[in-house]
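To start, the structure under review is shown below, and the notes come after it.
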There are 2 protein chains.
Amino acid sequence: MQHLSINLSERLELFSDFWRPRVIAELNDYQIKLVKIRGEFVWHQHDHTDELFICLGGCLKIELPGSTVTLNEGELFVVPKGVKHRPMADEECHAMLIEPKGVINTGDAESELTAPQDQWI
Amino acid sequence: MQHLSINLSERLELFSDFWRPRVIAELNDYQIKLVKIRGEFVWHQHDHTDELFICLGGCLKIELPGSTVTLNEGELFVVPKGVKHRPMADEECHAMLIEPKGVINTGDAESELTAPQDQWI
């Protein structure tokens, strides 16, 4: 069996829409996703899981109650479970997300930004 | 409460030894670790978990039975649980590991390279 590494830049070239995470790999029952971000997302929370954001390019801001975390390329942040947050970016930025399989991008929020699950690239 | 992002390059500057993973964050019951790699590790496997490697700099090779995966900066690979593997690097390289808390770096192998758990930076 031939095993190949996954190149993040190459995978990011395969889609261009915003706020629709694409799955690139699984780690046990977790998924590794790529997402392109621009503008403001919806405030939401994940009641049952933390969520890892790694900034791969551009500048990602994650608004939290009372503060904002800024992630530049090569920086990461874990949003604790149950904490309201809103990702946003003034200009296009790219991020990796890691979270358990089945997590909905908009969490507890009703939003037209809710993305389909298991969109692999 | 003030929330800060974690800068990978800054954290990598805080240690210089090889094969001793440092924990920088937790995601539920998983840990995000940084490790510096040079030379050949020991062949081992993790019977109960997959293991995610992300190359942050340099060139990481992961030998598997019958093949070798090469990871350059910005590339990742998930070693499936139960699969023998041996990380190696001809020159110093830096990687991020993500795996459940409590995973021993040398897996099932008896080795002087076994590192202590929960070494945070």
Practice prompt. Using the 7 Å Cα-to-Cβ label point, sort the distances from A:N7 to its equivalents in the other copies shortest first and give them in nm to one decimal.
Written response: 2.9
Discussion item. Per-residue Cβ counts within 10 Å, from other chains only, averaged over B:71-78: what number is that?
Written reply: 6
Discussion item. As an exercise, take the mean of 1/r over every pair of distinct alpha carbons in chain A, invert it, and state the Kirkwood radius in angstroms.
Written reply: 14.5 Å
Worksheet entry | Largest to smallest principal axis extent of the C-alpha atoms in the stretch A:63-121, angstrom | 28, 26, 21
Worksheet item: In deg cm²/dmol, rounded to 500, what helix-only [θ] at 222 nm does chain B give when every DSSP H run of at least 4 residues adds -39500 (n - 2.57) and the total is split over its residues?
Response: -1000 deg cm²/dmol
Worksheet item: Please state the relative contact order of chain A as a whole percent: Cα pairs under 8 Å, 6+ residues apart?
Response: 32 percent
Practice prompt. Just check the protein assembly as shown against the gyration tensor rule for me: Cα atoms, a ≥ b ≥ c as the square roots of the eigenvalues, rounded for a/c under 1.5, and otherwise prolate or oblate depending on whether a/b exceeds b/c.
Written response: prolate
Worksheet item: For the residue pair A:E92 and A:R38, what label-to-label distance in nm results when each label sits 7 Å from Cα along the Cα-to-beta-carbon direction?
Response: 0.6 nm
Worksheet entry | lysines whose Cα lies under 26 Å from that of A:K101, excluding same-chain neighbours fewer than 8 positions away | A:K33, A:K36, A:K61, A:K81, A:K84, B:K33, B:K81, B:K84, B:K101
Worksheet item: What does the charge count near A:F15 come to, summing +1 for each Lys or Arg and -1 for each Asp or Glu among other residues with Cβ under 9 Å from its Cβ?
Response: +2
Worksheet entry | Per-copy distances of the B:E26 label point, shortest first, in nm (7 angstrom along Cα→Cβ) | 2.6
Practice prompt. Please find, in a Gaussian network model of chain A (springs between Cα atoms separated by less than 10 Å), the residue of A:K36, A:K61, A:K81 whose mean-square fluctuation is greatest.
Written response: A:K81
Item to complete: Could you pull out which residues in the stretch B:19-52 have an amide N less than 16 Å from a spot 7 Å beyond the Cα of A:K81, following the Cα-Cβ vector?
Response: B:26-31
Worksheet item: Which net charge results when you count Lys and Arg as +1 and Asp and Glu as -1 among the other residues whose beta-carbon is under 14 Å from that of B:P87?
Response: -1
Discussion item. Explain nothing, just the number: dipole magnitude of the stretch A:8-100 about its Cα centre with +1 on each Lys and Arg Cβ and -1 on each Asp and Glu Cβ, in debye rounded to the nearest 20.
Written reply: 160 debye
Worksheet item: Does the stretch B:1-43 come out rounded, prolate or oblate, given a ≥ b ≥ c as the square roots of the eigenvalues of its C-alpha gyration tensor, rounded meaning a/c under 1.5 and, failing that, prolate meaning a/b above b/c?
Response: oblate
Practice prompt. Quick one: with label points 7 Å out along Cα→Cβ, list the inter-copy distances for A:K101 in nm, shortest first?
Written response: 2.4
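Every number in this text was worked out from the coordinates using simple rules, so none of it is lab data. This is a predicted model, so every value here is computed, not measured. Here Cβ is always computed from backbone atoms with ideal geometry, including for glycine, and neighbour counts include all displayed protein chains.
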